[in-house]
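Only one structure is covered here, and it is reproduced in the block below.
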Amino acid sequence: MDNNSVKDYINKIPKAELHLHIEGTFEPELMFKIADRNKIKIDYSSVEELRSAYNFNNLQEFLNIYYTGAKVLQTEQDFYDLTWAYLKKANEDNVIHTEIMFDPQTHTERGVAFDTVINGIHAALKDAEKDFGISSKLIMSFLRHLPQDSAFEIYENYFNHRDKIDVLGLDSSETGNPPTKFREVYNRAFGDGLKLTAHAGEEGPAEYVWEALDLLNVHRIDHGNRSLSDNKLIDRIVEKQIALTVCPLSNLKLRVIDDLKNHPLKIMLDRGIKATVNSDDPAYFGGYINENFIQTADALQLTINDINKLVKNSFEASFADDNRKIVMLNKLDEFGF
Ligand code: ADE
Ligand code: ZN
């Protein structure tokens with residue numbers, strides 16, 4: 001199979017995205033447009049200048065610029081426009097199910113109401129279901145550099161928005177902020193029946209993945225690359241079929257890996273890990289989901305079988321209800337090889 005047919009297969013296959021920060025889809029063009037209408041000054045003079053600042057040596061350097069960009073978002077319409085722009089792109093990439101993280105503390109800490117954020121995002125998700133047939137789940141994520149008390153305060157909002165929030169997540173600066181810091185709030189959410197995920201093993205050690213599994217009771221791990229340094233952990237992940245939501249272009253841009261040719265995705269598949277491909281923060285890392293698949297397939301010589309397996313994993317590991325999962329898996333069967 002030549003590269004062109006793999007690329008064509010990737011572009012057309014129906015797929016799910018399970019690791020996507022909505023604030024990370026904020027393209028510079030939209031950022032300038034929204035800044036203008038909110039009368040906010042951006043530190044960069046043009047879209048080109050802003051984009052040229054997207055060179056990162058590690059996660060923290062990226063996060064600094066990502067939180068600055070998010071400050072432009074103020075109204076429900078801003079959050080709607082941001083989400084809608086992503087969903088249009090996802091539809092072009094043949095995404096039929098998406099699970100979107102949002103970071104409420106990034107917005108409430110600067111005086112934007114929780115309801116403003118969630119209502120804008122949710123309205124766009126509903127429109128995408130109607131217009132494109134894209135189903136979705138919303139993941140409320142805690143910023144791990146803030147104390148657990150702040151997470152508990154944010155968690156209270158869940159009870160007013162149970163119809164919109166399905167999953168809890170944990171993101172931001174990993175090193176020095178282990179999962180155990182959020183043990184009580186995760187236990188509370190587990191008791192309330194929420195689905196759970198957490199970033200672990202992106203820059204942090206395999207130990208953080210163990211903690212996310214053993215102490216937070218997560219159903220999925222976001223990233224999880226560092227799990228490969230611990231054979232016992234691999235056995236556990238494989239045995240329990242814990243999915244890893246892997247983000248190859250993010251890993252490259254944040255220097256988790258030095259070259260896509262050295263990305264562990266193929267090793268994960270070969271070891272029986274339920275790996276999936278996702279875009280993380282596509283506006284900052286140079287590619288949406290199809291681009292992640294295409295560049296990784298090229299670098300690792302992935303076959304159509306590998307692509308099909310990764311997509312199947314994404315449907316199976318999604319938090320969609322069982323009926324929707326069956327529909328998605330049937331679509332994949334019909335699509336074939
Ligand atoms: N927030 C947005 N993108 C992130 C990433 N890749 N890791 C941790 N927190 C994030
Ligand atoms: Zn992420």
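The values are calculated or read from the model by the stated rules, or taken from the named source; none is laboratory data. This is a predicted model, so every value here is computed, not measured. Note that each Cβ is placed from the backbone with ideal geometry, even for glycine, and that neighbours are counted across all protein chains shown. Quick note on the areas: whole protein, heavy atoms, side chains included, nothing else; ligands and nucleic acids left out. Shrake-Rupley method; radii C 1.70, N 1.55, O 1.52, S 1.80 Å.
Summed over the residues of region 3-333 and divided among them, the accessible surface reaches 39 Å² per residue at a probe radius of 1.4 Å. Taking ASN262, ASN323, ASN58 in turn, the Gaussian network model of the chain (Cα-Cα springs below 10 Å) assigns the largest fluctuation to ASN323. When the P(r) of region 210-328 is calculated, the portion above 17 Å amounts to 56% of the C-alpha pairs. Per the Cα gyration tensor, region 225-282 maps to an equivalent ellipsoid with semi-axes of 20, 12, 9 Å, ordered largest to smallest.
With n ≥ 4 as the cut-off for DSSP H runs, can you work out [θ] at 222 nm for the chain, using -39500 (n - 2.57) per run divided by the number of residues, rounded to the nearest 500?
On the way: 17 runs with 169 residues, N = 337.
Counting only the DSSP helices, I get -14500 deg cm²/dmol.
If R0 is 45 Å, the Cβ-Cβ spacing of SER229 and LYS39 corresponds to a FRET efficiency of close to 0.40. Considering only C-alpha atoms, what is the centroid distance from region 304-337 to region 117-176, in Å? About 24 Å separates the Cα centre of region 304-337 from the one of region 117-176. Taken along the Cα-to-beta-carbon direction at a fixed 7 Å, the label points for THR75 and GLU109 span 2.6 nm.
Grab the other residues whose beta carbon is less than 12 angstrom from that of ASN292, score K and R as +1, D and E as -1, and report the net. Before the final figure, lay out the partial values.
Values: positive: LYS15, LYS253; negative: GLU17, ASP93, ASP280, ASP281, GLU291, ASP298.
Result for the neighbourhood of ASN292: -4.
Could you work out the Kirkwood radius for the chain, taking every pair of different alpha carbons, averaging 1/r and inverting it, reported in Å? Result for the chain, one decimal place: 20.0 Å.
The loop-placed trypsin sites (Lys or Arg not before Pro) in region 80-135, going by DSSP, that have at most 13 neighbouring Cβ atoms within 10 Å of their Cβ come out as ARG110.
With only the Cα atoms considered, region 260-337 has a convex hull volume of 100 Å³ per residue. Under a cut-off of 21 Å between alpha-carbon atoms, report the lysines in cross-link reach of LYS164, not counting same-chain residues fewer than 8 places apart. The reachable lysines, counting only those whose Cα sits under 21 Å from LYS164, are LYS88, LYS126, LYS130, LYS137, LYS195, LYS325.
How high is the FRET efficiency from ASN91 to ASN3, r the C-beta distance, R0 25 Å, rounded to 0.05? Mind dumping the intermediate values first?
Details: r = 25 Å, r/R0 = 0.99.
The computed FRET efficiency comes out at 0.50.
Here region 3-333 exposes an accessible surface that is 45 percent carbon and sulfur, computed with a 1.4 Å probe and the other protein chains kept in place.
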